[in-house]
1. Condition test on residue 58, is it buried (at least 17 other Cβ atoms within 10 Å of the Cβ), aromatic (Phe, Trp, Tyr) and under 24 Å from residue 130 (Cα atoms)?
2. Of the conditions (1) loosely packed, with under 15 Cβ neighbours inside 10 Å; (2) modelled with pLDDT of 95 or more; (3) under 30 Å from residue 248 (Cβ atoms); (4) not hydroxyl-bearing (Ser, Thr, Tyr), residue 286 fails just one. Which one is it?
3. Taking the range 260-274, which residues are surrounded by 14 or more Cβ atoms within 10 Å (Cβ to Cβ) and assigned to a strand (DSSP E or B)?
4. Of all residues in the range 213-258, count the ones that are of a type in the set (Gly, Ala, Ser) and touching a residue at least 60 places away in the same chain (Cβ under 8 Å).
5. Only one of (1) of a type outside the set (Val, Ile, Thr); (2) in a helix (DSSP H, G or I); (3) in contact (Cβ under 8 Å) with a residue 60 or more places away in the chain fails for residue 106. Which number is that?
6. Identify all residues within the range 206-225 that are of a type outside the set (A, V, I, L, M) and either under 20 Å from residue 171 (Cα atoms) or exposed (fewer than 14 other Cβ atoms within 10 Å of the Cβ) (or both); write none if there are none.
7. For the structure I just gave you, tell me whether residue 101 is hydrophobic (A, V, I, L, M, F, W, C), in the same structural domain as residue 177 (by TED's automatic domain parsing), farther than 16 Å from residue 76 by Cα and touching a residue at least 12 places away in the same chain (Cβ under 8 Å).
8. Would you point out which residue out of 97, 135, 154, 113 is under 20 Å from residue 192 (Cα atoms), buried (at least 17 other Cβ atoms within 10 Å of the Cβ), aliphatic (A, V, I, L, M) and modelled with pLDDT of 95 or more?
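The values are calculated or read from the model by the stated rules, or taken from the named source; none is laboratory data. Please read all numbers here as calculations on a predicted model, not as lab measurements. We place every Cβ from the backbone using ideal geometry, glycine too, and count neighbours over all the protein chains shown.
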Amino acid sequence: MPEPLKNLLHQALVGDMADRIAAHAPAFDKGRFVTLATDGLGAMELMERSALIRDALFATLPDDFPGAAAILKASLPASGRPGLSGWMLLPVNQFIATRGLDHFELGLDLLKALTPYFTAEFGIRPFIHRDQQRALAIISGWVDDPDRHVRRLASAGTRPRLPWAMRLSQLVKDPAPILPILTELIDDPEDYVRRSVANSLNDIAKDHPDMVAAFIAGHIENATRERRWLLKHASRTLLKKGHTQALANFGFGAAASLACELRLANSEVLFGEGLDFEIRVTNAGETPQSLMIDYAIHHVKGDGSLSPKVFKCKTIMLAPGQSHAIERRHAMRPITTRRYYPGKHRIAILVNGAETASESFVLVMPSLEPGGGFLVHCT
């Protein structure tokens, strides 16, 4: 059983924080900080623990932010010397995001300084929310920083729908202001940074599919292998939804003269096992066809309706008259917090975004909770 996330912030870590801050601030009251930061800590979840430690920083660091910022910056690791790092910096992010907003440049500079030791993508978002134009003007200057963590901060921190973080509603509505940042980082030498760019573009695609498809079209000609991977990863939501321009960007047109067969090995699936199936596609046309083959499982919901989830399968090139068979097993087991319901589900085959074949199957649950659902827990 994995260790609960909340245990990443614990009493010993608080003690280490106190020692590392006190090394650069003789007046820092270590005992008071530890007492405040651990009062009731064990009963709290991760973000509650972080807020408790943040509040202890409020109570024990200087009231003036420039003074507190100088201590925190000095407390970061340097020249092999240990300092504030890792999960210690989650509450520091929260401290800066609250106290630093009235010292805009200083606050962002401190977040930039700490991000090599723990991401500051959560901390910079309140600054963007407070004054987007001013914040993005500063963040744009990070795209050519020698530190890869700082460059990634420019793309991840501005991501409109960053998981677990404040949603940047202005950028959800109009993401155009961050496209220049993503453009500058599209050929970054670090895969770590390029993945962040792809994730941001994929976020944008959920609200502005045509904008992202056009962005991809404008950057795909003569793309390197690395850039092409980034652009395809950025298009993953659009490709699964069969967006016409997104498909065309990667050479997938409307499939023509195509025969597609779907065969299920088992029409009933016991939860915990899997659905075995075979797909056979045949190009009955007179020209070669590039085919992106996916499948969607339409899960039964509590109200009896179906909700589809698309899964990647295979990309192939079929010559005229050529057939290709694909065998797959789709596991039906506890992997997410999805609530599974017994009954008739459906699997559909998608070729270049269009449904070409489907079959129904019955999911059988080994046991039911009250109300008829089977709740799958993360493990």
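1. In short, no.
2. (2)
3. Answer for the range 260-274, where residues must be surrounded by 14 or more Cβ atoms within 10 Å (Cβ to Cβ) and assigned to a strand (DSSP E or B): 260, 261, 262, 264, 269, 274.
4. Number of matching residues: 4.
5. (3)
6. Those that are of a type outside the set (A, V, I, L, M) and either under 20 Å from residue 171 (Cα atoms) or exposed (fewer than 14 other Cβ atoms within 10 Å of the Cβ) (or both): 206, 207, 208, 209, 210, 215, 218, 221, 222, 224, 225.
7. yes
8. Within the list 97, 135, 154, 113, the selection yields 154.
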